[in-house]
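Asks: Dropping a structure here in structure tokens format, bear with me for questions.
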Amino acid sequence: MRAWEVAEPGPIEGELLRLVEKPVPAPGPDELLVHVRACGVCRTDLHVSEGDLPVRRPGVTPGHEVVGVVAGTGGAVSGFAPGDRVGVAWLRRTDGTCGYCERGAENLCPASEYTGWDADGGYAEYTTVPAAFAYRLPEGVDDVALAPLLCAGIIGYRALRRAALPPGGRLGLYGFGGSAHLCAQLALAQGATVHVLTRDPAARRLALALGAASARGAYDEPPEPLDSAILFAPVGDLVPVALRALDRGGVLSVAGIHLSDVPPLRYESDLFYEKELRSVTSNTREDGREFLALAARHGIRATTHVYPLERAREALRDLKAGRFDGAAVLVNDRPPQS
Ligand SMILES: [Zn+2]
Ligand SMILES: [Zn+2]
């Protein structure tokens, strides 16, 4: 099969992410073998490819927004059969036994493993996933439209919950890529007023088209104080900017797995009056199931740009350069091997 692998982390403008031929992987006893149909391109894939995240598996295949079809099952799997459509997301495995897992915070499990970082992901014709971490997907939505929901959507949902937006509240979104444009749709469907703050004019247009009340530059002030804000851009300089835009008692959640350094905060302007700064770490499977159900109910759809699998490097370069709005999705047009 064809698969991309990170020969060595480095600038995506180079050739260190390589397309190779390798054997179709064998699923472990508790795993599914999945024929990949579509795989979303997430900023985390860029962080893995460029070395912003440490190497956890040399030569790893990135990709953790996979929509595919079960092509085989390990001997200990029940409840899935060949032909079932499934989703593969970022959280791949936890120990299920530590204190975090036991209290329902499996996203904090110190033994957790991640698709496309600890194990090969979906920038390939086939991938594997532990059956317990595979998602069943709603009917009637095509593969490409579903793929970005599996990380961008789920993380945006967790970030929105962490931001503790009151009903009908005023929400600021800093950065407006794959995750934010899905989060905005959910917040709007739930009655929020959404203000978008991003440097990219195309993203500002998309925000207004989706129903945002305003769209301004990333360092601009929103037109009204915010009850909650979410920082999607991986830019630490925006943390004090967003904190100052909060109303008293407001909450800022930081959605990214990687953030450039946060400059010094000024207590009086940035945190006093009980403002809160929170991070968001991965997600639980419960977050995923809740979000996929809400997305189906509210008709949340990713704005997508399709690239064939063999153009993954170009998709990541375009993501880095901000050359598209919404989300890029890789499609594998080769049928399953018999
Ligand atoms: Zn655990
Ligand atoms: Zn992701």
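Asks: Between 0 and 90 degrees, rounded to the nearest ten: what's the tilt of helix 285-298 against the longest Cα principal axis of the chain?
Replies: On a 0 to 90 degree scale, this one is about 70.
Asks: What does the net charge come to around Ala315 if you take all other residues with beta carbon closer than 11 Å to its beta carbon, with K and R at +1 and D and E at -1? Intermediate results must be reported in sequence, preceding the final value.
Replies: Numbers: positive: Arg311, Arg313, Arg317, Lys320, Arg323; negative: Asp45, Glu310, Glu314, Asp318.
My count for the surroundings of Ala315 gives +1.
Asks: Report the full-extension gain for the segment Lys22 to Arg248: residue separation times 0.36 nm, less the Cα-Cα distance, to one decimal in nm. Numbers along the way, then the final one.
Replies: On the way: separation 226, 0.36 × 226 = 81.36 nm, distance 5.55 nm.
Full-extension gain reported as 75.8 nm.
Asks: What does the charge count near Gly87 come to, summing +1 for each Lys or Arg and -1 for each Asp or Glu among other residues with Cβ under 9 Å from its Cβ?
Replies: Values: positive: Arg85, Arg136; negative: Glu65.
So the environment of Gly87 carries a net charge of +1.
Asks: A further question follows. Per-residue HN-Hα couplings for the stretch 94-111, Karplus 6.51 cos²θ - 1.76 cosθ + 1.60 at θ = phi - 60°, whole Hz, x for Gly and Pro?
Replies: For the stretch 94-111, the Karplus curve yields 10, 7, x, 10, 6, x, 5, 4, 5, 9, x, 10, 5, 5, 9, 4, x, 9 Hz.
Asks: Compute the length gained on full extension between Glu8 and Ala202: take 0.36 nm times their separation in residues and subtract their Cα-Cα distance, giving the result in nm to one decimal.
Replies: 66.6 nm
Asks: Another question, then. Using only protein heavy atoms and a 1.4 Å probe, report how much of Thr303 is accessible, in Å² to the nearest 10.
Replies: Thr303 exposes around 40 Å² with every protein chain in place.
Asks: Still on this structure, please answer the following. Using a ≥ b ≥ c from the Cα gyration tensor of the stretch 153-279 (square roots of the eigenvalues), is it rounded, prolate or oblate, where a/c under 1.5 gives rounded and otherwise the larger of a/b and b/c decides, a/b for prolate?
Replies: Working: a/c = 1.44, a/b = 1.28, b/c = 1.13.
It comes out rounded by the Cα gyration axes.
Asks: Follow-up. At 7 Å along the Cα-to-beta-carbon direction for both His298 and Arg161, put a label point, then send me their distance in nm to one decimal.
Replies: Here the answer is 1.4 nm between the modelled labels.
Asks: If each residue of separation counts as 0.36 nm, what is the full-extension length gain between Glu290 and Glu102 once their alpha-carbon separation is subtracted?
Replies: Numbers: separation 188, 0.36 × 188 = 67.68 nm, distance 1.92 nm.
In short, 65.8 nm is gained.
Asks: Same structure again: Only Cα pairs under 8 Å and at least 6 apart count here; give the relative contact order of the stretch 153-279 as a rounded whole percent. Can you show the working numbers first?
Replies: Details: 277 pairs, mean separation 31.6, N = 127.
After rounding, I find 25 percent.
Asks: At a 1.4 Å probe, what is the % contribution of carbon and sulfur to the accessible area of the chain?
Replies: Working: 6880 of 13930 Å².
Carbon with sulfur: 49 percent of the solvent-accessible area.
Asks: Oh, and also: With a cap of 14 neighbouring Cβ atoms within 10 Å, and only residues DSSP puts in a loop, list the trypsin sites (Lys or Arg not before Pro) found in the stretch 208-298.
Replies: Values: sites: Arg216, Arg244, Arg248, Arg266, Lys275, Arg278, Arg285, Arg289, Arg297; in loops: Arg266, Lys275.
Sites meeting the loop and neighbour criteria: Arg266.
Asks: May I pose another question? Can you list the trypsin sites (Lys or Arg not before Pro) in the stretch 86-153 that are in a DSSP coil and have 13 or fewer other beta carbons within 10 angstrom?
Replies: Numbers: sites: Arg92, Arg93, Arg103, Arg136; in loops: Arg103.
Those that pass, being in a loop and sparsely packed, are Arg103.
Asks: Whose amide H sits under 5 Å from the amide H of Arg93, counting only residues 5 or more places off or on another chain, with H placed in the peptide plane?
Replies: Amide H to amide H, under 5 Å and 5 or more residues apart or across chains, Arg93 pairs with Glu113.
Asks: Given the stretch 220-275 reduced to its alpha-carbon atoms as identical point scatterers, what log10 I(q)/I(0) does the Debye formula return at q = 0.16, 0.25 Å⁻¹?
Replies: Log-scaled intensity ratios, in q order: -0.43, -1.03.
Asks: Further question: Calculated from DSSP H runs of 4 or more alone, at -39500 (n - 2.57) each and per residue, what is the 222 nm mean residue ellipticity of the chain, nearest 500?
Replies: Mean residue ellipticity at 222 nm (helix-derived): -7000 deg cm²/dmol.
Asks: Round to a whole angstrom and tell me the spacing of the C-alpha centers of the stretch 130-176 and the stretch 255-286.
Replies: First find each Cα centre; the distance between them is then 19 Å.
Asks: Over the chain, what relative contact order in percent results from Cα pairs under 8 Å that are six or more residues apart?
Replies: Working: 826 pairs, mean separation 62.2, N = 338.
Relative CO of the chain lands at 18 percent.
Asks: What is the calculated FRET efficiency for Leu271 to Ala81, with r their C-beta to C-beta distance and R₀ = 56 Å, to the nearest 0.05? Display every interim value, and only then the final one.
Replies: On the way: r = 53 Å, r/R0 = 0.94.
It comes to 0.60.
Asks: Compute the acute angle (0 to 90°) between the alpha-carbon long axis of helix 201-210 and the principal axis of greatest extent of the alpha-carbon atoms of the chain; round to the nearest 10°.
Replies: Taking the Cα atoms of the chain, the angle to 201-210 is about 90 degrees.
Asks: Please give the per residue volume of the convex hull enclosing the alpha carbon atoms of the chain, rounded to a whole number of Å³. The partial results should precede the final answer.
Replies: Numbers: hull volume 43.8 nm³, N = 338.
Given the Cα convex hull of the chain, per-residue volume reads 130 Å³.
Asks: Can you pull out the GluC sites (Glu not before Pro) in the stretch 225-287 that DSSP calls coil and that have at most 15 other Cβ atoms within 10 Å?
Replies: On the way: sites: Glu268, Glu274, Glu276, Glu286; in loops: Glu274.
Taking the stretch 225-287 and a limit of 15 other Cβ atoms within 10 Å, the loop GluC sites (Glu not before Pro) found are Glu274.
Asks: Next question, about the same structure. Rounded if a/c is under 1.5, else prolate if a/b beats b/c, else oblate: with a ≥ b ≥ c from the C-alpha gyration tensor eigenvalues square-rooted, which is the stretch 1-114? List each step's numbers first, then the result.
Replies: Values: a/c = 2.10, a/b = 1.19, b/c = 1.76.
Because a/c hits 1.5 or more and a/b fails to exceed b/c, the stretch 1-114 counts as oblate.
The values are calculated or read from the model by the stated rules, or taken from the named source; none is laboratory data. These numbers come from a predicted model, not from an experiment. Every residue, glycine among them, receives a Cβ derived from its backbone with ideal geometry; neighbour counts consider all protein chains shown. For the accessible areas, the whole protein counts, side chains as well, though only heavy atoms, and no ligand, DNA or RNA atoms are used. Shrake-Rupley method; radii C 1.70, N 1.55, O 1.52, S 1.80 Å.
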